[in-house]
Amino acid sequence: MRRAVSVRLPAALATAAVGIAVVVAMPTPQASAAVGSATGYATQNGGTTGGAGGQTVRATTGTAIHAALCGRASSSTPITIEVTGTINHGNTTKVSGSSCNTAAGVIELKQISNVTIIGVGSGAVFDQLGIHIRDSSNIIIQNVTIRNVKKSGSPTSNGGDAIGMESTVRNVWVDHVTLEASGGESEGYDGLFDMKDNTQYVTLSYSILRNSGRGGLVGSSESDLSNGFITYHHNLYENIDSRTPLLRGGTAHIYNNHYVSLHESGINSRAGAKAKVENNYFRDSKDVLGTFYTNERGFWQVSGNILDNVTWSGTGSENYPAGPNLTSTTTVSIPYPYSLDGASCVPDIVRQTVGANTGLRVSNGSCSPQTPPPTTPPPTTPPPTTPPPTTPPPTTPPPSGTNLSLGASADGSSKASGTSYGNVRDGNISSYWSPAGSTGSISIKWGSGTRVSRVIIREPSGTQGSIGSWQLVNHDTGAVLASGSGAGSISFSATSLSKITFKINSSSGMPRVGEFETYAS
């Protein structure tokens, strides 16, 4: 059961000439079952209920997850496993039993059914450890983070897939998860969300897939065409090379997703696949839809999508982009009811709802498209959405005095591909630094002690609100100067220091710092 909660928007948005009405629903917390109900194709073929009606157990290790599966009366006895803490290779071993078939170094859901795995408490992180679903049905995975699963190097797990499904899998709902890598195949990673060898009736919703060479596939080769009936809705794909997803045969429904920084290609429909692609928002990306890397063509039905700074390559052998003028090449009938948000609302809705540990918020489909559709703003123009109250409006003049960051140096934790530490001190809000994951730190430093009493953190246009909780730290002493949530102006007691660090402890989507300004007053 869900309790509808309207998100109050700033007054400036309500009075703007072009506005967006965004409403999300906050689920009522439940202790012993997945929150909400399955959507999309996971509602077909008898539906997806996971472990509803069965026992609920708590697990803090991978071995405990396996033990819960093996402790059931049978391989089909319903069970909900609430997971908290970090699951890794060190605490995931094989457990034996008549109701399970597990293995070390991977969460193995093999030859079983009627299972829910849900993150609770302060969160569940599967660190370098994938979830493998094989010969199984009626599975729900909700509110977990899976990161840095490798197929080469050390340690390896699940063939390098964050979530992988294969060999007669039916009815899987994956919801509000965060799937992350730290590079592509050359760094040892494979897909974030893969389906092959007769996997059908799957929905991926309200999830984050980022920082990977490969988003995911349906079908492992041009001859593996037994997969399909997959729904992808209200997901964020960010900093991905390709496969968002790659479809080999089958049918997919792809709606209300936000795609940002797809470097090589996006939705790749091939080998006779059919994709209904509607009301998605594509930004800063290349070849977001088409048939790529093969002459075995696929098909698509398109409507309501927004292309924001999307580039296209030319048509040629094994390269058939759908753009720049998107035109349908087939029709796809959808058998289930669903509500479409206007594509212009998608970036803001997705920012508020997707990923693990974000409150399991969902859209209620009440957002209407802007009229006329938005155009891509220049870098210094405020975005169509108004930032939260903690973010300084783009029109706010800088404080009096000199921005001490100009001419200073910068460093930080690992940065996302294509970004630079120096971008936060160049006076250009459109360039930015972003951490390799959802958390990280960025510093401004000087050659000698410098008096600072105020900092302004500015997010680039269109990304406001991504930064969650933070700390501002005197790097010289380790003292916390200030803490809070959201970007904006930060004041604190005047301090002389040679290095000041902005530490991002949580975020919604990939956080970006356009400018890290420092002032003496």
Heavy-atom surface of the stretch 285-335, accessible at 1.4 Å and reported per residue (Å²): 50
Area accessible to solvent at LYS94, 1.4 Å probe radius, in Å²: 110
Isotropic mean projected area of the C-alpha convex hull, the stretch 171-296 (nm²): 6.6
Residue order for SER466, SER223 - accessible surface, 1.4 angstrom probe, largest first: SER223, SER466
Overall Cα dimensions of the chain - principal axes, largest extent first, Å: 69, 51, 45
Principal axes of the stretch 447-499: Cα extent on each, largest first, Å: 36, 18, 16
Environment charge of SER405, counting only residues whose C-beta is closer than 15 Å and scoring Lys/Arg +1, Asp/Glu -1: +2
Debye intensity ratio in log₁₀ form over the Cα atoms of the stretch 98-157, taken at each q of 0.13, 0.24, 0.28 Å⁻¹: -0.37, -1.07, -1.20
Cβ-placed point charges (K, R +1; D, E -1), dipole of the chain about Cα centre in debye, nearest 20: 840
Three-way shape label, the stretch 264-312, alpha-carbon gyration tensor, a/c 1.5: oblate
Positive-end extreme of charge dipole, the chain - chosen from SER74, ILE139, VAL473 (charges on Cβ): VAL473
At 1.306 mPa s and 10 °C, Stokes diffusion of the stretch 34-193 via Kirkwood alpha-carbon radius, µm² per second: 104
Net dipole in debye of the stretch 217-272 [+1 Lys, Arg Cβ; -1 Asp, Glu Cβ; about Cα centre; nearest 20]: 140
Cα centre as origin, Lys/Arg/Asp/Glu Cβ charges: the stretch 84-239 dipole, Debye: 300
Residue-count net charge about GLY355 - beta-carbon cut-off 13 Å; Lys, Arg +1, Asp, Glu -1: +1
For LYS276, solvent-accessible area (1.4 Å; no DNA, RNA or ligand), Å²: 30
Ranking by accessible area, most exposed first, for TYR237, TYR293 with a 1.4 Å probe: TYR293, TYR237
Residue-count net charge about GLU180 - beta-carbon cut-off 9 Å; Lys, Arg +1, Asp, Glu -1: +2
Counting all C-alpha pairs of the stretch 301-349, share separated by more than 14 Å (%): 67
At 1.306 mPa s and 10 °C, Stokes D of the stretch 125-231 from Kirkwood alpha-carbon radius, µm² per second: 118
Partners for LYS110 among lysines (Cα-Cα distance below 16 Å; same-chain residues under 8 apart left out): LYS94, LYS196
Descending semi-axes in whole angstrom, ellipsoid equivalent of the stretch 424-521, from the Cα gyration tensor: 21, 14, 12
Over the stretch 248-372 - Rg/Rh using Cα atoms and the Kirkwood inverse-distance radius: 0.98
Protein accessible area in the chain, 1.4 Å probe - carbon and sulfur %: 49
Centroid-to-centroid separation of the stretch 421-461 and the stretch 107-129 [C-alpha atoms, Å]: 36
Under 25 Å from LYS415, Cα to Cα: lysines that are on another chain or at least 8 residues apart: LYS150, LYS151, LYS286, LYS445, LYS499, LYS503
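The values are calculated or read from the model by the stated rules, or taken from the named source; none is laboratory data. Not measured: the values here are computed from a predicted model. Don't worry about glycine lacking a Cβ; one is built from the backbone with ideal geometry, like all the others, and counts go over all protein chains shown. In case anyone asks, the SASA skips ligands and DNA or RNA and just uses the protein heavy atoms, side chains included. Shrake-Rupley method; radii C 1.70, N 1.55, O 1.52, S 1.80 Å.
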